[in-house]
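Worksheet: one structure, shown below.
The values are calculated or read from the model by the stated rules, or taken from the named source; none is laboratory data. On a predicted model such as this, the values are computed, not experimentally measured, just so you know. Positions of Cβ are generated from backbone atoms using ideal geometry, with glycine treated the same way; all protein chains shown enter the neighbour counts. Surface areas here come from the heavy atoms of the whole protein model, side chains and all, with no ligands, DNA or RNA. Shrake-Rupley method; radii C 1.70, N 1.55, O 1.52, S 1.80 Å.
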Amino acid sequence: MKGKHGRAGYGVYRTRRWVALRIQAKRRDGFRCTACNAAGRLEVHHVKPIRERPDLAFDLSNLKCLCPTCHVAVERGRTPNAASIAWRNLVKGNPTCSNP
């Protein structure tokens, strides 16, 4: 299911169904990143990628909300952990904050 931009999910992300499902995922996850608990801008991540499991493209159980930083880490094969989250908070100047 490759779109004109070469992304497997291109056809999924341009549908009304996806827009509604994103809101459902954000509500379910309490509008917080499931990895670091950050509030704010969230991206909805497919746990099993569309290119591998197109049948799960619209399955709410295959989605989780991630902040942009955690999303990049997950996409690169890393799992955000407490140490990396603490470091991010320290760099941002708020070492006691649990939300980056």
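Consider residue 1 against the criteria (1) at pLDDT 95 or above; (2) open to solvent by 70 Å² or more (accessible area, probe 1.4 Å); (3) assigned to a loop (DSSP other than H, G, I, E, B): it satisfies all of them except one. Which criterion is unmet?
For residue 1, the exception is condition (1).
Does residue 90 satisfy the criteria of being modelled with pLDDT of 70 or more, of a type in the set (A, V, I, L, M) and open to solvent by 70 Å² or more (accessible area, probe 1.4 Å)?
Judged against the criteria, residue 90 is a match.
For region 13-28, what are the residues that are open to solvent by 70 Å² or more (accessible area, probe 1.4 Å) and assigned to a helix (DSSP H, G or I)?
Selection gives 13, 16, 17, 19, 22, 24, 27, 28.
Taking into account only those residues within region 29-76 that are in contact with a Lys or Arg (Cβ under 8 Å, 6 or more places away or on another chain) and assigned to a helix (DSSP H, G or I), which is surrounded by the fewest Cβ atoms within 10 Å (Cβ to Cβ)?
That would be 60.
State all residues of region 9-24 that are touching a residue at least 24 places away in the same chain (Cβ under 8 Å) and aliphatic (A, V, I, L, M); if no residue qualifies, say none.
Matches in region 9-24: 12, 21.
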